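First up is the structure itself, then whatever we jot down about it.
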Amino acid sequence: MTFDPKLLSEDDIDEDVILAAIGEVSSDVITRLDAEGRILAWTPGAEQMLGFTRDEIIGHSVNIIIPAELQELERERIRKQIEGGVGTLKEKTTRIHKSGDIVPVLLTRVPLYNRQGECVSLLAILKDLSAEEQLQKQIEHLQRDTAMAKVAAKVAHEIRTPLGVLFLKSDLLVERLEGAFEEWGAGDAERHRKVLKKCVVDIQKQISRLEEIANNYLHLSKTRAMEKTDVNLRMFIRDTITELREHYAEENITLKFEMPEMLPIVKIDIQQFQRAFANLFRNSVEAMRGTQRKDGEVCLSVQCRNNQIEFVVRDNGPGMPEDIRKAAFDPFTTTKSIGTGLGLYLVREIVENHGGTIQIHAVDGKGTTIRIVIPFQEE
């Protein structure tokens, strides 16, 4: 039998008696709201989950258990349900415990009607999702540990390839140098000099690649060990962009930044964020490197509001396909033949270690935007 809230009539039954009976056997919050959003019923499960006793909360606005940033939205939704514009509402949201702690919940709210078909109150049920979210975090932690377990095998493969090139080039150098000074004439010397120079350049490139791979894997194992210090955010951004400009001086790409005149002193792990921005800019530069465009640009913008810092790194490069974008933060995801696929994965680890979030917006052929938001306490 399907429950029909229209069958509940204030003329025939005492809803609060029914709610009290259900509340005796349920650990969920079960409550009833009037048209003004005042709490009319409060079960034992509600007291246990949110800390308020029945005497403390009956007659009060439901705003007493709703976070401030959600109150306007909830007020409008209650109005629409009372007026008949919205039926059953079911969503994951949050509520406030008497202690001030935020409780994640699954909200189900249905309108209750009288015999005339008028909505006279709302029945709301809140299911505590704290244990479920904790379990989900544990699952994600295990998944990350599983990803870490893949590193050993990946390291062997990644490092073996450039090492093979180094060995081959070294053998070639040895072969060319054996007896070279006795046999080379003036013409041969120049020809061999060019060959030797190319071998040395190739070896240096492969060594640099090995260094990058090793650094990424080393950092992967140390992202949880943070050393936060007071950082002048404006100076940090200027220094970071200056270093990146010097590093990519030979690229036909403009690196710039946008930020307000005043930025706070914040506590962050400066080395981790330097690596994060280095990874983001490298991704953008390498993506544009093969496009032959002359107006390539990567920009870092910074804003502070509501005790949050927002960093946005955007480029006008080739973007990325949808399937790559969805997996961009997974370890070993890359479109480059020589990449480790750890860049964005490490950036996400760094951001989450600072209690922040990271989002990526990319359209194939229309550039990429990375948005990072982290909370901060101004020093």
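The values are calculated or read from the model by the stated rules, or taken from the named source; none is laboratory data. Since the model is a prediction, treat every value here as computed from it, not as a measurement. Glycine also receives a Cβ, built like all others from the backbone with ideal geometry; neighbour counts cover every protein chain displayed.
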Inset, instruction - Under 7 Å between Cβ atoms, at least 6 apart or on separate chains: pull out the pairs that start in segment 97-124 with a residue that is charged (D, E, K, R) and end on any residue that is surrounded by 16 or more Cβ atoms within 10 Å (Cβ to Cβ) and outside any strand (DSSP E or B). - result: Lys98/Leu50; Lys98/Gly51; Lys98/Phe52; Arg109/Gln81
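Let me confirm something: among Glu379, Glu310, which residue is at pLDDT below 90 and in contact with a strand residue (DSSP E or B) (Cβ under 7 Å, 6 or more places away or on another chain)?
Of Glu379, Glu310, the one residue that is at pLDDT below 90 and in contact with a strand residue (DSSP E or B) (Cβ under 7 Å, 6 or more places away or on another chain) is Glu379.
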Inset, instruction - Sort out which residues of segment 225-282 are in a strand (DSSP E or B) and charged (D, E, K, R), and write them in order of number. - result: Asp230, Lys256, Glu258, Lys267
Inset, instruction - Determine if segment 206-217 includes at least one residue that is outside the structural domain of Pro318 (by TED's automatic domain parsing), touching a Lys or Arg at 6+ places or on another chain (Cβ under 9 Å) and at pLDDT 70 or above. - result: yes
Inset, instruction - Scan segment 36-84 residue by residue and report those that are at positive phi and under 37 Å from the mean Cα position of the chain (by Cα). - result: Gly37, Gly51
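Do we find that Asp295 is under 17 Å from Arg314 (Cα atoms) and surrounded by fewer than 14 Cβ atoms within 10 Å (Cβ to Cβ) in this structure?
Numbers: under 17 Å from Arg314 (Cα atoms): yes; surrounded by fewer than 14 Cβ atoms within 10 Å (Cβ to Cβ): yes.
Spelling it out, Asp295 is indeed under 17 Å from Arg314 (Cα atoms) and surrounded by fewer than 14 Cβ atoms within 10 Å (Cβ to Cβ).
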Inset, instruction - Among the residues of segment 257-266, count how many are of a type in the set (D, E, K, R) and modelled with pLDDT of 90 or more. - result: 1
Inset, instruction - Could you tell me which of the residues Val174, Val200, Val155, Val151 is modelled with pLDDT of 70 or more, assigned to a helix (DSSP H, G or I), over 30 Å from Arg79 (Cα atoms) and of a type outside the set (Phe, Trp, Tyr)? - result: Val200
Inset, instruction - Evaluate the following for Glu132: is it at pLDDT 90 or above, loosely packed, with under 14 Cβ neighbours inside 10 Å and assigned to a helix (DSSP H, G or I)? - result: no
Inset, instruction - Within segment 344-379, work out how many residues are within 18 Å of Cys304 (Cα to Cα) and part of a loop (DSSP other than H, G, I, E, B). - result: 7
Inset, instruction - Could you identify the single residue in Glu258, Glu246 that is closer than 17 Å to Arg314 by Cβ and assigned by TED's automatic domain parsing to the domain that holds Gln292? - result: Glu258
Legend entry - Residue selected from segment 283-301 under the condition assigned to a loop (DSSP other than H, G, I, E, B) and of a type outside the set (Lys, Arg), by the criterion farthest from the chain's Cα centre (by Cα): Gln292
Inset, instruction - Output yes when any residue across segment 218-230 is surrounded by 15 or more Cβ atoms within 10 Å (Cβ to Cβ), at pLDDT below 85, of a type in the set (S, T, N, Q) and over 22 Å from the mean Cα position of the chain (by Cα), and no when none is. - result: no
Legend entry - Number of the condition not met by Asp239 [criteria: (1) under 25 Å from Gln308 (Cβ atoms); (2) within 24 Å of the chain's Cα centre (by Cα)]: (2)
Legend entry - Pairs where the first residue, in segment 313-332, is under 16 Å from Thr357 (Cα atoms) and the second is surrounded by fewer than 18 Cβ atoms within 10 Å (Cβ to Cβ) and aromatic (Phe, Trp, Tyr), C-beta under 6 Å, 6+ apart: none
